[in-house]
Amino acid sequence: MFEYVTSAGRVRGEGLDTPDGAAVAVLGVPTARVAERFLPAERVDGWRGVRPSAQGPIAWQDAGRAGAAPMSETDCLTANVWLPGGRSDSPRPVLVWVHGGAHLYGSNAHPLCDGARLAAAHGVIVVSIAYRLGALGSLRLDHLLGPDYADAGNLALRDTLAGVQWVQDEIAAFGGDPTRITVMGQSAGGVAVAALLAESSLDSPFRRVIIESATAERVHTLDEAAEVTDELLLELAGPHADGRRLLSATPTELVAAQERMVDRWRATRRGPGIPFRPVVDGRFLHDVPLRSIAAGAGSHIDAIVGTNRNEASGYVDLLRLPPTQALATLERELEADGRPGSAAAYVEACAEDDGGSPDAVAALESYVSDRLYRRPVSRLLDARSAASANTFGYLFSWSRADTPSWARRSGHSLELPFVFRHLDDSDTAREEVGDDAPFELSERMSGGWAAFVATGDPATPDAAWPPYGHERSTLVLDEQSRSTRDPFAARRRFTDAPAALEPQH
């Protein structure tokens, strides 16, 4: 029997036998509660008896993406905790996972991010936390409903920080070390972690971060956030609707309205078309995170920051463009960024960086990856050039040998099953990485991530990992896993833009 005593009550764990050894899962532990829509979460109520281990409800989102998981507006803020089996003579380091999903989708229950195997293999505690999504987590309202709702625009960030603070307060009860907490996020989760880094202080509840495939730039001003709110209200209730309609609408109505809005954004805007994102509100978020980090915010916090080679394959490969059309599209992309007539030169830069001769489709995908991911990630790494703490960069470059119908290559989020060690233990894993994914790469990645969580240095006896610096040293993660100087040096002639941030729309 596994029981743990938190400040709110006792919880029960479930023993697990994984391919990497014994682990314990404690699922669905409440970290906070939502007492009222669009207001900050409150301290969780206590309970009597022993709370069983069971996945909690997830945040409201499009039902087609939620699957069979129940959704709740009030009880969605929970933590899943995975512990190594057996006893430890000293408190264990802790990894807190923040899921992605375009600020609209996802949960702390995705099977490829289950922390049991990572915990069992490397002796770390893994905690997956939750936050409110979409309009319920990132909707400016003070301009419509008054100052009582001044925090509504950044509830997702506040929920994330509350989850990390819960870990700091409670993890000792599970054998964890509250002074060795690393916060890791991917995509929208990485955006949240970058924001927490930008707003961190010496007494922040974490000392390390891992930011995967995310930007520290794509945020809203107050005026932009107000436009998003007004557009959602129009979608929900038509012209001249009172702002209080946002309070009375059911969650189903809100999600349906935001999905119609998201579809319109994706059809009419260049880029991912994500209307809900952090807001520079002067209360939680005080500036674009990149600017704060460049000015020294989070300098004392160790960081791993990286991206995948083919981040934009989901945007480009699935279009199935013929080469001539892909080349014309690449030319339009370059022209939109002020570099007309550069398509052929960009293709040559790709060949210089990667070897070989990329076709037009591969070059287009590379450029969109540059614009949406690699360029922001590079700027974030460069912004930490004067940081006193460690900074490490990576490029995940493994690509499955077969070509699935969705043609991802080294696509967005493909690194996650390697980090969490889920390559061959479910149909979901095999669908993601194929039948022959190299477990040696998973060993290197999960080992490096765990070493960083424990010590702040991801180097292991089997894999050196030099820090990122003026040479932009980057660990390329594929079957060979080698360190290299800037792997995109030639492309930078087309993508470096130090004086400006990415356009928001």
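Every read-out reported here was derived from the displayed coordinates using simple, explicitly stated rules and does not represent laboratory data. Note that the structure is predicted; figures quoted are calculated from it, not measured. Virtual Cβ from ideal backbone geometry, glycine too; neighbours counted across all protein chains shown.
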- request: Work through the residues other than Ser481 whose Cβ is under 12 Å from its Cβ and net out their charges, Lys, Arg +1 and Asp, Glu -1.
  value: -3
field: Whole-angstrom gap from segment 206-246 to segment 429-466, using each part's C-alpha centre
entry: 35 Å
- prompt: Ranking Thr403, Thr160 by Cβ neighbours within 10 Å, fewest first, what do you get?
  reply: Thr403, Thr160
task: Please arrange Trp97, Trp60 by counting, for each residue, the other beta carbons lying within 10 Å of its beta carbon, fewest first.
output: Trp60, Trp97
message: Quick check for me: using +1 on Lys/Arg Cβ and -1 on Asp/Glu Cβ, what's the dipole size of the chain about its Cα centre, in debye to the nearest 20?
response: 580 debye
- prompt: Taking the Cβ-Cβ separation of Ala63 and Glu471 as r and a Förster radius of 51 Å, what is the calculated FRET efficiency to the nearest 0.05?
  reply: 0.60
For a label point 7 Å along the Cα-to-beta-carbon line of Glu3, residues of segment 44-79 with backbone N under 13 Å: 48-52
query: What is the fewest-to-most order of Ser426, Ser107 by other Cβ atoms lying within 10 Å of their Cβ?
result: Ser426, Ser107
- request: Could you calculate the contour length gain from Arg33 to Thr460, that is, 0.36 nm times the residue separation minus the distance between their Cα atoms, to one decimal place in nm?
  value: 149.7 nm
field: Answer label, with semi-axes √(5λ) of the Cα gyration tensor in Å calculated from the coordinates and candidates (1) 33, 30, 21; (2) 36, 28, 25; (3) 51, 27, 21
entry: (1)
query: How much length, in nm to one decimal, is gained on full extension between Leu222 and Ser72, taken as 0.36 nm per residue of separation minus their Cα-Cα distance?
result: 51.2 nm
message: Assuming 0.36 nm per residue, please report the length gained on full extension of the stretch Ser385 to Ser248 beyond their Cα-Cα distance.
response: 44.5 nm
task: Rounded to the nearest Å, what's the spacing between the alpha carbon centres of segment 332-372 and segment 22-82? Just the number, please.
output: 44 Å
